Amino acid sequence: MNLSLRQTVWLCLALSACAVLAVPGTAPGLGGEARLTLAVFALATCAWIAAPVDDTYIALGAGLALTVTGVLSADTLFATLGDATVWLLICAFVLAAAVTRTGLAGRAAAFLVTGARSVRQLVHLTTAALVVTAFAVPATSGRAALALPVFLALARSLAERRRLVVMLALLFPTVILLSAVATLIGAGAHLITVGVLLEQTGESIGFARWLVLGLPLAVVSSHLAAEAVLLTSTRREDRRGPVRITLGALQEHSATPVSGPLSPPEQRCLLLLCTVVVLWCAEPLHGVSPAVVALIGAVVASSPALGTVRMKDGLRSVPWPMLLFMAATTAMGVALVDSGAAGWLVGGMPGGVPPWAFLTVVVVVSTAAHLVLQSRSARSSVLVPLVVAAAVGAGVDPVAAALASTAAAGFCHTLPASAKPVALFAEPPDGVPTFTPRDLLRLSAVLAPLSAVLVLLFALFVWPLLGVPVLLESQP
């Protein structure tokens, strides 16, 4: 196998780290299990960065290596796949398949964007519609696939205004990625973060609590990003002319009706979706786990009498590789903590670091991490266990640090290959004009610092008002 220069460099770095860990005199205070864990962790991270191998395969290999060497028990490895958050995501995908089958998402988008009469109205109404989809469709790639027909319809209506089409091609993936933080099921990385926090601190974040913390950030960041996209990709004269989006243009790219009375299946699906979301949000009142609520919803959505999708079709939409990846990386996080490796890694951190400085470093590193690790879930798998361990040592609330890292890692707009939604809209079908890598870099130069500053402001000033303090409660 021929290795590129980049792959060779990362392989050498990983092997060098393993060689250093293998020498008994190095890294005093580090036990045998911790050394094995760090070696496996280093190899897996470098493989995620440079190896042309599926991320799930690497994660499973790392989990198996830790189990075979005795760092993890087999029960711990397999228990992660039966975690409630994994079941929550499985059932959420079945519900999403039911929503997609009925065409409700297309109706909602049509209802919003056809009301636009100016370019700025179109941009912000589209942004609002994309934010709402975070409650119906888990995973950013699924939302991107659902939104692509809407984009094609808008592009057809604005075919004579090429710059606006390019702007929309940038807008859709940008908002999809940044608005994912609105809900717990918005990205697999969120479930990894919740699992790490529960394992390391015993702190549980449910659907309702994540909604309270994430939705305001999603709304603000999405609309600020929409303005950034508008101003960096269009000229003043492009924004002056009126726009008019017709239902006919949207219908041409939709297999289901986008107007008219709701059909009985659409009515049942809408009622079911609203009921599930309300029950998720009301978890503190009724005490039923979000995973159980999602399972009830999935059973109803696929039932012969009331459902709109067959169970086997709904299960086909579940990204099983991503679930296996989440389970394996959660097990890796457990090994990092239980072996003492995470504590050793952050033990050399200088004391007396102000909380705002610590959070600034966390946000900056997490924002830039997409340049090295393209998988959002992989970024959280690597960063969150270390961030949580370091936060405790720095006197910072680990929930605030983990949320800040996860939210900041949602920025991945620099390159077309940085995220699946960006790649999807970089090459739309039907010869529709789209953005160039240069357009993406221009937007990234504005959006990266804007996104990082916004996350930092929420961590320092907004989330404390919502029940997540900056400092540990034991701190003065």
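Some points to look at:
- Cα shape, region 274-342, gyration tensor, a/c 1.5 rule: oblate
- Degrees between helix 290-301 axis and first principal axis of the chain (Cα, 0 to 90, nearest 10): 40
- Summing +1 for each Lys or Arg and -1 for each Asp or Glu among the other residues whose beta-carbon sits under 11 angstrom from that of VAL166 gives +1.
- Dipole check for region 39-151: with +1 at the C-beta of Lys and Arg, -1 at the C-beta of Asp and Glu, and the Cα centre as origin, the magnitude is about 760 Debye.
- Dipole size of the chain about its Cα centre, with +1 on Lys/Arg Cβ and -1 on Asp/Glu Cβ: approximately 1620 debye, rounded to the nearest 20.
- Efficiency of FRET between LEU224 and SER73 - r from beta-carbon atoms, R0 35 angstrom, step 0.05: 0.15
- The separation of region 50-108 from region 307-325, counted between C-alpha centres, amounts to 11 Å.
- Potential lengthening between GLN121 and CYS12 on full extension [0.36 nm per residue; Cα-Cα distance subtracted]: 34.0 nm
- Cβ-defined net charge surrounding ARG236, 13 Å radius [Lys, Arg +1; Asp, Glu -1]: +3
- Applying 0.36 nm per residue to the separation of ALA445 and CYS274 and subtracting their alpha-carbon distance, the gain on full extension is 57.7 nm.
- Dividing the helix sum by the residues of the chain, where each DSSP H run of 4 or more adds -39500 (n - 2.57), gives a mean residue ellipticity at 222 nm of -22000 deg cm²/dmol.
- For the chain, the extents of the C-alpha atoms along the principal axes are 72, 56, 52 Å, listed from largest to smallest.
- Across the options GLY467, VAL365, ALA389, the greatest Cα extent toward the positive end of the charge dipole of region 340-476 (unit charges at beta carbon of Lys, Arg, Asp, Glu) belongs to VAL365.
- Which of ARG35, ARG163 is most accessible, then next, and so on - probe 1.4 Å: ARG163, ARG35
- Taking the C-alpha atoms only, the angle from helix 376-394 to the longest principal axis of the chain is near 50 degrees.
- Counting only protein heavy atoms and using a 1.4 Å probe, the accessible area of ARG107 comes to about 30 Å².
- The label point for ALA159 and the one for ARG236, both projected 7 Å from the Cα toward the Cβ, are 3.2 nm apart.
- Global geometry of region 217-340, whether rounded, prolate or oblate, following the gyration tensor of its Cα atoms and the 1.5 cut on a/c: oblate
- The simple Förster model, with R0 at 45 Å and r as the Cβ-Cβ distance, assigns ALA417 and HIS286 a FRET efficiency of 0.55.
- Couplings 3J(HN,Hα) for region 329-339, derived from phi with the Karplus relation 6.51 cos²θ - 1.76 cosθ + 1.60 (θ = phi - 60°), are 6, 5, 4, 4, x, 4, 5, 4, 7, 5, 7 Hz, where x marks Gly and Pro.
- Angle between the chain longest axis and helix 188-201 axis [Cα atoms, degrees, rounded to 10]: 40
- Relative to the current alpha-carbon distance between SER303 and LEU81, full extension at 0.36 nm per residue lengthens the span by 77.4 nm.
- Taking amide H atoms as placed 1.01 Å from N in the peptide plane, the amide H of LEU471 lies under 5 Å from those of ASP397, each 5 or more residues away in sequence or on another chain.
- Dipole magnitude of region 361-474, debye to nearest 20 (Cβ charges: Lys/Arg +1, Asp/Glu -1, about Cα centre): 180
- When the charge dipole of region 192-319 is built from unit charges on Cβ atoms (+1 for Lys and Arg, -1 for Asp and Glu) and taken about the Cα centre, the candidate among SER303, PRO216, THR234 whose Cα reaches farthest toward its positive end is THR234.
- Ordering VAL99, THR45, SER380 by Cα displacement along the dipole of the chain toward the positive end leaves VAL99 in first place; charges were set at the Cβ atoms of Lys, Arg (+1) and Asp, Glu (-1).
- Rounded if a/c under 1.5, otherwise prolate or oblate - region 165-279, Cα gyration tensor axes: oblate
The values are calculated or read from the model by the stated rules, or taken from the named source; none is laboratory data. Keep in mind that what you see is a predicted model, and the values were worked out from it rather than measured. Ideal geometry is used to build each Cβ from the backbone, glycine not excepted, and the neighbour counts take in all protein chains shown. Quick note on the areas: whole protein, heavy atoms, side chains included, nothing else; ligands and nucleic acids left out. Shrake-Rupley method; radii C 1.70, N 1.55, O 1.52, S 1.80 Å.
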